[in-house]
Structure formats: structure tokens, C-alpha cells
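The values are calculated or read from the model by the stated rules, or taken from the named source; none is laboratory data. Please read all numbers here as calculations on a predicted model, not as lab measurements. All Cβ positions, even for glycine, are placed from backbone atoms using ideal geometry, and neighbour counts span all protein chains on display. Surface accessibility is based on the protein's heavy atoms, side chains included, excluding ligands, DNA and RNA. Shrake-Rupley method; radii C 1.70, N 1.55, O 1.52, S 1.80 Å.
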Amino acid sequence: MEKFVINGGTPLFGEVNISGAKNAAVAIIPAAILIEDECIIENVPDIKDVRIILDMLCSMGAKVEKIDANTVKIDATSLDTYIVGKEKASKMRASYYMLGALCSRFKKAVVPPPGGCNFGIRPIDQHIKGFEALNCKTEIKHGNIELDASDIKGGQVYFDVVSVGATINIMLAAVKAPGVTIMENAAKEPHIVDVANFLNSMGANIKGAGTDVIKITGVEKLHGGVYGVIPDQIEAGSYMFAAAATRGDVTIKNVIPKHLDAITSKFVEMGVDVEEGDDYVRVNAKGALNKINVKTLPYPGFPTDLQPPMVALLTTVSGTSIVTESVWDSRFQYVSELEKMGAKITVNGQVAVVEGGKSLTGADVCATDLRAGAGMIIAALSANGKSSICNIHHIDRGYENIEQKLISLGAKIIRTDD
Ligand code: EPU
């Protein structure tokens with residue numbers, strides 16, 4: 001089993017390039033099923049989740065060609081099944097996008113329950129509510145979600161919770177459904193806009209993505225084309241936290257600074273200098289920082305996926321900071337790992353109280369999920385001494401070349417095979 005060994009206590013300096021957004025890519029790739037033509041997708045991150053979804057398309061008959069590490073050509077004309085295999089679906093959360101994509105393509109889908117990070121119950125009731133609003137029938141049979149979209153037509157859905165996955169899934173289903181679909185209380189994350197831009201560039205008619213009302217007018221056919229995925233907001237944020245936690249000075253390049261506003265504003269409150277350019281942010285964290293309180297929220301609020309990196313940073317800040325998780329029920333499991341490094345954190349339900357300021361010390365810890373893994377790396381980079389982080393397969397799901405990028409910033413990190 002591979003692990004990272006990190007010798008911490010060294011401030012990070014330099015420049016780092018951000019890859020394409022994981023959560024956009026894992027939706028855009030299934031969206032390519034809607035196109036019976038060739039499409040070229042650029043700035044695709046070379047990460048495990050992307051390899052899994054590409055492999056899933058291949059195994060269903062699509063032609064997938066890697067042009068280079070970050071460019072992929074997909075021609076789904078030859079895709080010949082609406083059934084997704086159990087083993088592949090269970091490897092990642094985004095396999096649920098096959099429901100919307102296959103429903104659009106074949107008016108039928110059989111998809112096993114998705115896998116992905118475990119932070120409590122991850123229901124899909126809002127996806128089902130959306131499909132039913134589009135006149136689709138859904139049923140759980142033999143442990144699979146079966147979707148019959150033979151009478152699909154545009155409809156109106158009001159989501160009871162803001163859900164990234166449900167918003168994208170219903171967008172995929174509605175693109176070629178006759179009539180008009182309106183989604184209210186839709187999610188507004190940058191990757192929602194990216195998926196809509198991808199589909200529009202291939203001939204779809206989606207308006208309002210990035211607001212909480214999205215209107216889709218069904219079209220008969222999509223055409224092929226070339227599209228570039230947006231930069232990864234969460235990867236960029238993770239490097240911002242690594243820079244701040246080590247009191248370094250790092251320029252994070254190839255980003256959309258607007259997507260990072262929630263992080264930047266918290267950094268400013270903490271006394272971290274953030275300089276914004278057209279496509280970069282520079283994070284310079286010298287000296288003592290201020291404690292803060294933060295609550296995770298759907299976009300444009302502070303992202304839940306950066307909650308573990310935020311907690312790791314707050315362990316380095318004197319005083320009591322309060323972190324409230326309002327998106328997921330159970331996203332503080334990793335705290336016991338941080339405690340092995342000497343962190344003082346009390347968790348009560350959705351709230352973590354961080355008593356920070358005493359240096360962490362290196363320890364043997366585990367990545368309990370993808371973003372918790374990023375939090376562990378950030379904590380280990382700021383800690384005195386050597387840490388080892390196990391279960392790094394979680395981290396490989398979502399961060400491209402993470403150790404090379406960190407080494408280029410001066411981090412002492414190696415990947416070893418135990
Ligand atoms: N929810 C429901 N019913 C549903 C769907 C969601 O109650 O039908 C609830 C969830 O239980 C949760 C909240 O709504 O409390 C938000 O869930 P959402 O559907 O937005 O999450 P998701 O689509 O499953 C995506 C990202 C996650 C990220 C969340 C929130 C992908 C592949 N995953 O998940 O990213 O945490 O949005 O922003 O896009 C990650 O990248 O590490 C990751 C976990």
C-alpha cells in the first residue's frame with residue numbers, strides 16, 4: 001500500500017499550476033454520451049476518478065482516445081448498452097451521472113448505487129424527484145436504479161435541497177427531452193456552469209446555469225466539438241491552504257479567482273495577504289494569523305470540500321476557531337487523525353471547535369477520504385518532524401501530480417510503497 005512520507009515545518013514558496021476541475025470533468029465525460037459524434041475535451045485532470053469514468057464509457061462501447069495526458073477524444077456513437085456494471089459504478093460517486101446521460105441517449109438506464117467518499121448518508125431522492133418531474137419512471141430492482149424515460153418530456157422541478165449531483169443529472173436528462181424544463185433551487189457551483197457551457201457548445205439550449213433557476217429547452221441532436229474544462233476550484237483552494245498553513249508565499253496559477261472568493265475573504269479575515277490577478281492568486285502568510293469562525297455552504301458559500309484543509313490550517317492559528325459543517329452529516333471523521341498530531345479539536349455533531357496555535361508534531365495518520373487526505377497533507381506540511389499518511393489512494397482520486405507539485409514548492413514529500 002502506497003503512502004506519503006512528509007518532513008514538515010518548511011514554508012512553501014513558488015508557483016503551482018492548477019489542473020482541470022475534477023467535479024466538472026466527471027460530469028462532462030458522461031455528458032459526451034449525449035453526442036453521437038466526436039468530441040475533444042481539453043484540460044482534463046489526469047486523476048483516478050477520471051480514469052474510472054473513461055474506462056466505464058469504454059467498457060460500454062464508446063471510443064475513447066487519450067490524445068495527451070490532459071486531452072481526451074470521445075466518440076460515443078458506438079456505445080451500445082444502457083446498463084452500467086456494478087463494479088465500475090461502486091468505484092465513484094459520479095457514476096450516478098450515467099442515469100441522466102443514458103436516459104437522454106437511450107431513454108433507459110440501469111445504474112447500480114454509486115460509491116465515492118463516505119460522509120454519512122448520501123441520498124439521491126432529489127435526482128429521483130427530478131427524473132419523475134420529467135415524466136420518467138424510476139424503480140429500484142435487483143439493487144439497481146432502473147429508469148424508464150420512454151415518455152420523457154420537459155417539466156418543472158423545485159429541489160428541496162441544493163444538490164450539485166441532482167442539478168447536473170436533470171440537466172443531462174432534459175437536454176434532449178421535448179419541451180421546456182425548469183429547475184428551481186438549482187446548485188450554482190462553477191462545475192454546474194461548466195457542464196452547461198459544454199452542452200451549449202455542442203448545441204444544447206440551457207439558460208441560467210450559475211443562478212438558482214435553470215431553463216432548458218430540449219433539442220433533437222447535439223453535435224461534436226472541442227471544449228476545455230475549467231480550473232479546479234478545490235485543488236486551487238487546497239494549495240492556498242497549504243501555503244497559509246506553512247506560512248509560505250505561493251502563486252497559484254491557471255485559476256478563476258472569482259471561484260475562490262469565499263476562501264480569499266476568509267484568508268483576509270485571518271490576516272493572510274491574497275493578491276488576485278486575471279488568472280492567478282498569490283497567497284502570502286507571514287507571522288501570526290487571526291482565529292475565525294466558518295460555516296460550509298453551497299456555492300458561493302465556503303465549500304465543504306475545503307473544510308478539512310481549513311481545520312488543518314486553524315490548528316496553526318492561536319485561539320478558538322469554530323467550524324460548522326452544514327452540507328454533509330458526517331464530515332469530521334478525520335479529526336481523530338489530526339489529534340494524533342497533537343491537534344486539540346472537539347467535535348459535537350456538525351460543529352468542530354479548534355483550539356489552535358500549538359505546533360503539530362509529525363505522526364502516522366491515514367487519509368479517511370479524498371479531501372480529508374488533503375487536510376492531512378496540509379497538517380503534515382505544517383507539523384514539526386516526520387509524518388506518514390496511509391490510504392493515499394483516496395487522494396489520487398482527485399489531485400493530479402500532487403507530490404510533484406508540492407515538491408516544486410519546496411515540500412519534503414515522498415511516495416513510498418510499504
Ligand atoms: N442531498 C439530498 N438528496 C439528494 C442529493 C443530495 O438530500 O438527492 C443532500 C446531500 O445529502 C448533502 C447535500 O444534499 O447533504 C449536497 O449534496 P450534493 O448532491 O450537492 O453532493 P454530490 O453531488 O453528491 C458533489 C461533489 C462533492 C461535494 C458536494 C457538495 C461531485 C462528484 N461531488 O457531491 O465533492 O462535496 O457536491 O459540494 O461533484 C469531492 O470532490 O471530494 C466531493 C465529495
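Structural remarks
- Selection status of SER326, within 17 Å of ILE263 (Cα to Cα), within 15 Å of the ligand (Cβ to nearest atom) and either at pLDDT 95 or above or not hydrophobic (A, V, I, L, M, F, W, C) (or both): yes
- Helices (runs of 4 or more DSSP H) contained entirely in region 347-413, each with at least 3 residues that are within 16 Å of the ligand (Cβ to nearest atom): 370-382, 393-396
- Among residues of region 150-165 that are in a strand (DSSP E or B), those with a beta-carbon under 7 Å from a residue that is more than 16 Å from the ligand (Cβ to nearest atom) and open to solvent by less than 70 Å² (accessible area, probe 1.4 Å) at least six positions away or on a different chain give the pairs GLN156/ILE182.
- Cβ-Cβ contacts under 7 Å between residues 6 or more apart (or on different chains), taken from a first residue in region 120-143 that is touching a residue at least 60 places away in the same chain (Cβ under 8 Å) to a second residue that is open to solvent by 80 Å² or more (accessible area, probe 1.4 Å), are listed as GLY120/ASP329; ILE121/ASP329.
- Candidate set from region 176-192 (those that are open to solvent by less than 30 Å² (accessible area, probe 1.4 Å) and over 23 Å from the mean Cα position of the chain (by Cα)); member that is farthest from PHE106 (Cα to Cα): THR181
- Residue match in region 102-124 (condition: polar (S, T, N, Q) and buried (at least 18 other Cβ atoms within 10 Å of the Cβ)): yes
- Options ASP46, ASP55: the member that is under 18 Å from the mean Cα position of the chain (by Cα), of a type outside the set (Ser, Thr, Tyr), closer than 25 Å to ALA374 by Cβ and surrounded by fewer than 21 Cβ atoms within 10 Å (Cβ to Cβ): ASP46
- Test: residue in region 2-24 that is among the hydroxyl-bearing types (Ser, Thr, Tyr), over 30 Å from SER382 (Cβ atoms) and in contact (Cβ under 8 Å) with a residue 60 or more places away in the chain: no
- GLY398 vs. criteria modelled with pLDDT of 95 or more and crowded, with 23+ Cβ neighbours inside 10 Å: yes
- Failed item, numbered, when VAL162 is tested on (1) away from the ligand (no atom under 12 Å from the Cβ); (2) hydrophobic (A, V, I, L, M, F, W, C); (3) surrounded by 17 or more Cβ atoms within 10 Å (Cβ to Cβ): (1)
- Test for LEU306: is it surrounded by 24 or more Cβ atoms within 10 Å (Cβ to Cβ), within 12 Å of the ligand (Cβ to nearest atom) and at pLDDT 95 or above: yes
- Verdict on VAL335 being in contact with a Leu (Cβ under 6 Å, 6 or more places away or on another chain) and open to solvent by less than 50 Å² (accessible area, probe 1.4 Å): no
- Residue count, region 140-149 (criterion: surrounded by 24 or more Cβ atoms within 10 Å (Cβ to Cβ) and assigned to a strand (DSSP E or B)): 1
- Residues satisfying the stated conditions in region 341-375, i.e. in contact with a Phe, Trp or Tyr (Cβ under 8 Å, 6 or more places away or on another chain), closer than 24 Å to MET1 by Cβ and open to solvent by 10 Å² or more (accessible area, probe 1.4 Å): THR368
- Every condition in (1) part of a helix (DSSP H, G or I); (2) within 11 Å of the ligand (Cβ to nearest atom); (3) within 23 Å of GLY85 (Cα to Cα); (4) touching a Ser or Thr at 6+ places or on another chain (Cβ under 6 Å) is met by ALA173 except one, and the failing one is (2).
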